[in-house]
Each structure stands twice: as structure tokens, then as C-alpha cells.
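Below is one structure, written out as C-alpha cells; comments come after it.
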Amino acid sequence: MLWLAVGAVIASAAWAAGVFLIGGAGDSADLRGYSAPSNMCSGADYSSFKDEYPENDSSATHNSLKDKALDESYCSLSLKKTGSSYADAYLSMQVDLHRKTDPGPEFTATWKNYGDSHTGYDVSPVKGIGDEAYLVSQDTTSGSTSGSRYATLAVRDGWVTYTMSYSAYLSSYDQDKNPPALADVSDWLKTDTRSTLEQLKD
């Protein structure tokens with residue numbers, strides 16, 4: 001019976017080692033102190049857009065998810081210039097805390113190569129925000145009375161991802177006005193993303 005006892009000890013040790021190496025429920029998740037707020041519209045900073053769009057959106061939408069595999073919080077709101085009855089532009093923010101799976105490889109594949117899968121978009125890496133960040137933009141307004149301006153800043157910091165997206169349509173603006181330049185929007189996205197990421201840390 002000795003060999004049975006020895007076998008049981010070895011099997012038990014192997015199981016314990018396997019659990020240790022694989023990790024428990026999200027034990028290895030690199031969340032770096034971030035949390036996902038229940039209301040992303042109040043949890044995110046978008047103050048850089050306020051000079052251009054000072055009107056508050058009373059019908060902003062938000063939702064959140066709490067799960068052992070993923071915490072997520074999302075906000076979508078309309079940006080309005082002074083006196084506007086309807087949206088002049090749109091802004092959305094989303095944070096995801098990946099508790100089970102490292103999002104790094106898929107994040108890089110999606111955003112670094114965004115221009116390969118979406119025609120007409122410019123993609124630029126952004127230094128100094130998280131572990132990696134990409135700015136994706138498109139401007140179809142040049143030389144026309146229609147078109148749009150779009151920009152998204154996507155950031156990964158450990159196992160946490162954050163995106164902030166802006167879009168504006170020329171048809172929403174007065175004929176003698178244009179949406180802000182993408183260079184300005186890009187700066188606003190970077191400033192507010194840095195601030196938001198700090199706010200989302202416990």
C-alpha cells in the first residue's frame with residue numbers, strides 16, 4: 001500500500017503545482033489599481049471639450065458590467081455648442097478590466113493595424129499613456145460641404161483597456177462654421193484620457 005500513498009502524495013503535489021502555475025480566479029490579472037465606475041459619464045473627464053461644447057447633455061447614456069471575467073463601464077453623450085438644440089458632435093468613453101485574459105495581443109492587433117482593416121484611417125502610436133496607445137483618426141470634410149471628423153484614442157495599461165472616441169458631422173454645423181481640427185481634438189483626447197485614467201485608480 002506504500003506505493004498508493006506515495007502516488008497520492010505525488011498526485012496531490014502535482015495538482016497543487018498546477019493550480020499555482022495556472023493561477024486562481026484572476027489572481028494574475030494586472031489591473032494596476034483601476035476600477036470601473038457604475039456611471040462612466042460622471043467617472044470620466046472630458047473637460048477639454050467644454051470650451052467648444054459648453055452645453056450639458058441631459059440625456060447621456062451609460063451602462064456597466066460586473067463579472068468575475070470582466071468589469072466594464074461605458075458612456076455615450078452628445079456634445080453641443082452654445083444655443084444648439086441638437087448634437088453638434090458625439091463622445092464616448094469605455095473602460096474594460098480584463099480579469100481572466102491578458103488583452104495585450106488582441107489590443108495591439110486591433111489598434112496598431114486598424115488602418116489595414118478600415119480604409120482611410122490614420123493610425124499613430126502615442127507615447128506616455130499606459131503601456132501602449134494608438135490614435136486613430138479620419139477627416140472626410142476637406143473641400144466639401146459634408147463629411148465627418150473622427151478620432152479615437154485607445155489605451156492599454158496592464159490588463160485594462162480604455163477608449164475615448166469623438167465624431168462630428170459637417171451637416172450638424174452652421175454653414176459658416178466647421179468642427180474643431182483633428183489636431184485639437186487629438187490633444188483633448190490625450191489630456192482627458194490621462195486625467196480619466198488617474199481618476200479610475202482606487
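Numbers at a glance
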quantity	calculated
Restricting segment 69-89 to residues that are surrounded by fewer than 19 Cβ atoms within 10 Å (Cβ to Cβ) and polar (S, T, N, Q), the residue that is nearest to ASP157 (Cα to Cα)	SER76
Selection from segment 158-202 of residues that are outside any helix (DSSP H, G or I), at pLDDT below 95, out of contact with any Phe, Trp or Tyr (no Cβ under 7 Å at 6 or more places or on another chain) and not aliphatic (A, V, I, L, M)	TYR169, TYR173, ASP174, GLN175, ASP176, LYS177, ASN178, PRO180, ASP202
Members of segment 26-48 found to be of a type in the set (D, E, K, R) and in contact (Cβ under 8 Å) with a residue 24 or more places away in the chain, listed by number	ASP30, ARG32, ASP45
Members of segment 121-157 that are among the small types (Gly, Ala, Ser), in a strand (DSSP E or B) and under 16 Å from THR193 (Cβ atoms)	SER124, ALA133, SER137, ALA151, ALA154
Enumeration of residues in segment 101-117 that are under 22 Å from SER148 (Cα atoms) and part of a loop (DSSP other than H, G, I, E, B)	ASN113
Some residue of segment 90-100 being without any contact (Cβ under 8 Å) to a residue 40 or more places away in the chain, outside any loop (DSSP other than H, G, I, E, B) and surrounded by 13 or more Cβ atoms within 10 Å (Cβ to Cβ)	no
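Residue-by-condition table, conditions (1) in contact with a Pro (Cβ under 7 Å, 6 or more places away or on another chain); (2) among the aromatic types (Phe, Trp, Tyr); (3) under 27 Å from SER35 (Cα atoms):
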{"site": "SER117", "(1), (2), (3)": "no, no, no"}
{"site": "ASP122", "(1), (2), (3)": "no, no, no"}
{"site": "VAL126", "(1), (2), (3)": "no, no, yes"}
{"site": "ASP131", "(1), (2), (3)": "no, no, yes"}
{"site": "TYR134", "(1), (2), (3)": "yes, yes, yes"}
{"site": "SER137", "(1), (2), (3)": "no, no, no"}
{"site": "THR140", "(1), (2), (3)": "no, no, no"}
{"site": "GLY158", "(1), (2), (3)": "no, no, yes"}
{"site": "TYR162", "(1), (2), (3)": "no, yes, yes"}
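The values are calculated or read from the model by the stated rules, or taken from the named source; none is laboratory data. Fair warning: this is a prediction, and the values are worked out from it, not measured in the lab. Cβ sites come from the backbone with ideal geometry, for glycine too, and all protein chains shown count toward neighbours.
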